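The values are calculated or read from the model by the stated rules, or taken from the named source; none is laboratory data. As the structure is a prediction and not an experimental result, all values here were calculated from the model. Here the Cβ positions follow ideal geometry from the backbone for every residue, glycine too, while neighbour counts run over all protein chains shown. These accessible areas exclude ligands, DNA and RNA; they are computed on the full protein's heavy atoms, side chains included. Shrake-Rupley method; radii C 1.70, N 1.55, O 1.52, S 1.80 Å.
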Amino acid sequence: MIKPDLSLFTASFIALACANGLAINYSEHLADNGNNGLASLPLNVSRSLYHSRQLSNPGAQEKYTCQSTFIDFSDPSALSKFDVQWCPQNSYQTESSVVWRLTPECGTTMVYPWDFQFGKIEARIRMAPGSGVVTTILLAGAAPSDEIDWEWVGKDTWTAQSMYFVKGQRVDPNAQYVHTPGDTPQDMAAGFHDYAIELTQDNVKWYIDNWLTRTLPRVDGVPFPATANRARMGVWDGSQSSGWAGTVDWSKGPFTAEMQWFRFTPYC
């Protein structure tokens, strides 16, 4: 298949990225055409939630720690333990959670400001519903970044997507789509569920509600996201992602996701 000229698409998408605080990478992408009804996409967008100042300084200092942390957002000081690196007005606490809000102006990005070489991140999250609205929690390194994602597109609230990137490039052509554990899938925008990403020297594992949904083994000679070491999370507008996320209808807003707690566990 002859690839189209993407120069105009690239320029417009970079503008969108600046509006949402994203680091954009492009690679070949074939979307799942199964039950999710997604069309094949000529491009993939690495949805790393970097603030623009990080992009301008890709060699920003890494801060490794062996200190495990549990942050409960019923604590009024919990949000202060994160860097809100994009649209801080759209990350705010309630009595029991931190809310991420997507508005026509911008989404929001929270970053836990410590790194591990290997370890596990966990969070209790309610995804945001709505076509074009993307909720994410991920591990990513310095640009060009290795990245390990959980992502939810609001047009399909019954499915979570696991994916990964190495040096900013998509390795597996398709995201893996999973439901909540058990015989009856649950609407992930209707309530909270526990999600985890675990990175070790030998593999990556993704979990929902303590159920192991996917394992990526490390294989000699095959790209592996070994330097995905800092947690990022938030919501963003995926309207221009070639149909992957759908298009936001702003008349149906506001669009919000929530996180009740976050756990960071280095393996030292």
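At-a-glance table
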{"read-out": "Compactness of the range 83-150 - radius of gyration and Dmax, Cα, Å", "value": "13.2, 37"}
{"read-out": "Orientation-averaged projected area, Cα convex hull of the range 81-212 (nm²)", "value": "9.0"}
{"read-out": "J(HN,Hα) series, the range 76-81, from Karplus relation 6.51 cos²θ - 1.76 cosθ + 1.60, nearest Hz, glycine and proline x", "value": "x, 8, 4, 5, 5, 7"}
{"read-out": "Solvent-accessible heavy-atom area per residue, rounded to whole Å², over the range 142-268 at 1.4 Å", "value": "40"}
{"read-out": "The range 94-171, accessible surface, carbon-and-sulfur percent (1.4 angstrom probe)", "value": "52"}
{"read-out": "Computed over the range 133-216: relative contact order in percent, which uses C-alpha pairs under 8 Å that are six or more apart", "value": "20"}
{"read-out": "Peptides 145-157, 242-254, 176-188 ordered by average Cβ neighbours within 10 Å, highest first", "value": "145-157, 242-254, 176-188"}
{"read-out": "Modelled FRET efficiency - R0 51 Å, N174 with S77, Cβ distances, 0.05 increments", "value": "0.80"}
{"read-out": "Accessible surface of the range 173-250, 1.4 Å probe, proportion on carbon and sulfur as whole %", "value": "46"}
{"read-out": "Cα Rg over Rh - the range 169-238, Kirkwood", "value": "0.99"}
